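Worksheet for the structure shown next.
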Amino acid sequence: EKVIGFANLFWIYYYDLLKPVPDPHRFLGYFYFALNLETARYDAVDILDSIVSKVMPASGYPEKNPFTNYDYIPEKDPDILAEVEKYKAAGE
């Protein structure tokens with residue numbers, strides 16, 4: 001609940017800024033870690049895909065936009081998954 005609440009707030013305030021996130025894989029990895037990669041269960045309105053579609057292109061990864069590159073699936077992105085594993089290993 002907190003993760004999706006934060007994601008909604010981030011989306012609302014970030015949308016107009018469109019500034020790069022210094023480490024977008026780590027940033028997004030935390031969302032997926034906190035939801036245990038169960039986006040279908042916790043993210044019924046695809047707020048995370050919406051965030052990914054803005055954060056990744058603004059941060060220098062235009063190919064990592066699930067709305068323009070239909071082969072890109074954030075939950076399977078090895079860079080995001082590596083960050084999820086780091087969070088798991090740290091016990092956060």
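The values are calculated or read from the model by the stated rules, or taken from the named source; none is laboratory data. Computed from a predicted structure; not experimentally measured. Every residue, glycine among them, receives a Cβ derived from its backbone with ideal geometry; neighbour counts consider all protein chains shown. Surface accessibility is based on the protein's heavy atoms, side chains included, excluding ligands, DNA and RNA. Shrake-Rupley method; radii C 1.70, N 1.55, O 1.52, S 1.80 Å.
Scan the range 59-76 for residues that are surrounded by fewer than 17 Cβ atoms within 10 Å (Cβ to Cβ) and of a type outside the set (Ser, Thr, Tyr) and jot them down.
Selection gives GLY60, PRO62, GLU63, PHE67, ASN69, ASP71, ILE73, LYS76.
Of all residues being in contact with a helix residue (DSSP H, G or I) (Cβ under 6 Å, 6 or more places away or on another chain) and open to solvent by less than 40 Å² (accessible area, probe 1.4 Å) in the range 5-24, which is modelled with the highest pLDDT? Just the residue, please.
Filtering first and then ranking leaves PRO24.
Hey, any hits in the range 77-84 for a residue that's modelled with pLDDT under 95, in a loop (DSSP other than H, G, I, E, B) and either surrounded by fewer than 14 Cβ atoms within 10 Å (Cβ to Cβ) or not charged (D, E, K, R) (or both)?
No.
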